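S.K.: Sharing a structure, written as structure tokens. Questions coming.
The values are calculated or read from the model by the stated rules, or taken from the named source; none is laboratory data. Since this is a predicted model, take the numbers as computed values, not measurements. Only protein heavy atoms, including side chains, enter the accessible area calculation; ligands, DNA and RNA are left aside. Shrake-Rupley method; radii C 1.70, N 1.55, O 1.52, S 1.80 Å.
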Amino acid sequence: VPELIEVERYRRVAARVVGRRIGEVDAPDTWYLKGGVGAVMLADLLVGAVVVDARRRGKLLLVDTDRGDVLGLRFGMTGRLLLSGPAAESTGGDDPVGDLLYGPRRDHVQYHRFALGFTDGSRLTVADPRRLGGVELAPPESRLGPPAESLDAAALALALGGSTAPLKAVLMDQHRIAGLGNLLCDEALWRAGLSPLRPAGSLDDTGSEALLRAIHETVAELSARGGSHTGDLQPARAPGGGCPRCGTALAHDRVGGRSTYWCPAEQR
Ligand SMILES: [Zn+2]
């Protein structure tokens with residue numbers, strides 16, 4: 001599931017088309033186009049434009065063109081960004097995005113929902129089996145909360161402030177904090193010793209500091225390890241799993257609509 005760590009890898013992939021000119025917009029799946037934009041309109045706006053930047057805000061990838069248009073890509077539960085052609089071929093030996101390059105050749109074509117073709121033959125493709133992602137023109141970036149990786153104490157307090165919703169649900173709300181998904185939240189809450197169920201507004205200073213530290217450590221460590229699925233809690237996120245720290249059987253429930261695991265002995 002793409003969380004900020006995975007979308008940051010996609011951003012690095014998309015950065016390889018900066019400076020290249022769009023020659024074709026391939027939008028075979030109109031369901032995948034959001035915000036009322038159609039394939040013809042997208043082609044009118046984008047064909048001939050040059051990509052000037054690839055940015056990320058939380059889990060949203062933003063592609064800027066020299067005409068001032070901004071294309072937003074969301075990856076939902078199963079979306080991936082794949083690159084082929086000349087832009088994919090100039091790869092360094094320690095490139096962390098290597099497995100996303102050359103993708104379209106080996107990937108299932110029926111899952112290709114959207115692609116930008118470039119005049120040099122490069123191709124940037126969104127593959128998404130479950131179709132929960134989407135492509136949008138001028139996505140409302142300002143409605144997203146502050147990025148999780150640069151969160152500070154004041155921003156965290158603002159995001160949680162006064163809410164009686166479960167802590168995990170608030171952390172996953174992209175309008176409050178951008179970038180955290182299911183796995184990063186479970187890992188950070190486990191590291192902080194905080195229950196996903198407690199009201200978000202109930203944290204004292206100690207709890208807030210522990211949570212902030214845990215979010216930053218989780219993002220940094222799991223980024224270095226290679227993905228949201230590399231957390232210390234992850235191997236135990238299964239029926240019968242025990243807490244990796246104390247051995248207590250993990251609790252399991254749906255919180256904020258997502259499958260959630262936590263240690264009932266240590267997370268309060
Ligand atoms: Zn425990």
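S.K.: How many percent of the accessible area of the chain is carbon or sulfur, using a 1.4 Å probe?
M.R.: 52
S.K.: For n ≥ 4 DSSP H runs only, could you compute -39500 (n - 2.57) per run for the chain, divide by its residues and tell me the 222 nm figure to the nearest 500?
M.R.: Value at 222 nm, helices only: -7500 deg cm²/dmol.
S.K.: For residue 77, what residues show an amide H to amide H distance below 5 Å, using hydrogens built from the backbone and excluding near sequence neighbours?
M.R.: Distant-sequence amide H within range of residue 77: 132, 133.
S.K.: Please report, in whole Å, how far the alpha carbons of the chain spread along each principal axis, starting with the longest.
M.R.: If we take the Cα atoms of the chain, the spans are 58, 35, 31 Å.
S.K.: Between 248, 218, 125, where does the largest GNM mean-square fluctuation fall for the chain, given springs only between Cα atoms within less than 10 Å?
M.R.: With Cα springs under 10 Å in the chain, the top fluctuation among 248, 218, 125 is at 248.
S.K.: With the Cα gyration tensor of region 115-206 in hand, convert its eigenvalues to equivalent ellipsoid semi-axes via √(5λ) and list them largest first in whole Å.
M.R.: Equivalent ellipsoid semi-axes, largest first: 34, 15, 12 Å.
S.K.: Heavy-atom accessible area per residue, region 1-47, 1.4 Å probe: how many Å²?
M.R.: On a per-residue basis, region 1-47 sits at 46 Å².
S.K.: Compute the angle between helix 4-14 and the longest alpha-carbon principal axis of the chain, please, reported from 0 to 90 degrees and rounded to the nearest 10.
M.R.: 10
S.K.: Taking amide H positions as placed 1.01 Å from N in the peptide plane, with prolines and chain starts having none, which residues 5 or more places from residue 61, or on another chain, fall under 5 Å of its amide H?
M.R.: For residue 61, whose amide H was placed from the backbone, the distant partners under 5 Å are 73.
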